[in-house]
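The next block holds one structure in the form of structure tokens; read it before the comments.
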Amino acid sequence: MPQEPTRVDPATIRTVMETNVIGVIRVTNAMMPLLRRSASPRIVNMSSSVGSLARQSGTAGEQTTGPVAAAYAPSKTFLNAVTLQYARELSGTNILINAGCPGFVATDLNGFRGVRTPEQGAAIAIKLATLPNDGPTGMFFEDAGVVPW
């Protein structure tokens, strides 16, 4: 990173999509039989605010999406779209699915430059995984609330 679109290797894009989108679909579909039998099934897709088209397309002062990342950011946008498609398909069931942004967590991905601990980043996943049965579905959240798609 950054991954300028004019320079990024398409193989990098393919690898990131396989991990951040295709991998999520594979795991979700594999777990679906168990989720359908659960009393309070929840699916939490870990996204990123860099996947927000609203945040990517704002003026320079409004853009809070990090560096240009032609593989990573679109993979999270794609994941957000897939989350919505699952929500549409599962509408009318008791399965709630949402996307969550953990914030800029210190991880291998960013060379541990993140400002949040893994515990802080996990808080949104825990919140979404423990929603009440009448909780929201098909939405995108961060600690501060709803993230615009």
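The values are calculated or read from the model by the stated rules, or taken from the named source; none is laboratory data. All values reported here derive from a predicted model rather than from experimental measurement. Methodologically, a virtual Cβ is constructed for each residue, glycine included, from the backbone with ideal geometry; neighbour enumeration extends over all protein chains shown. Side chains included, ligands, DNA and RNA excluded: accessible areas come from the protein's heavy atoms. Shrake-Rupley method; radii C 1.70, N 1.55, O 1.52, S 1.80 Å.
Result for the chain in a Gaussian network model with C-alpha springs under 10 Å: among T107, T28, T65, the largest mean-square fluctuation is at T107. Around the amide H of A99, modelled in the peptide plane, lie the amide H atoms of N45, M139, F140, F141, all under 5 Å away and 5 or more residues distant in sequence or on another chain. Placing a pseudo-label 7 Å from each Cα along the Cα-to-Cβ vector at A129 and L53 gives an inter-label distance of 3.0 nm.
Based only on the alpha carbon positions, what is the Kirkwood hydrodynamic radius of segment 1-126, in angstrom?
15.8
Remark: the chain carries a charge dipole of roughly 300 debye about the Cα centre, counting +1 on each Lys and Arg Cβ and -1 on each Asp and Glu Cβ. Accessible surface area normalised per residue over the chain is 57 Å², counting heavy atoms of protein chains with a 1.4 Å rolling probe. Scaled against the 2.2 N^0.38 Å expected of a compact globular protein of N residues, the Cα radius of gyration of segment 53-121 reads 1.34.
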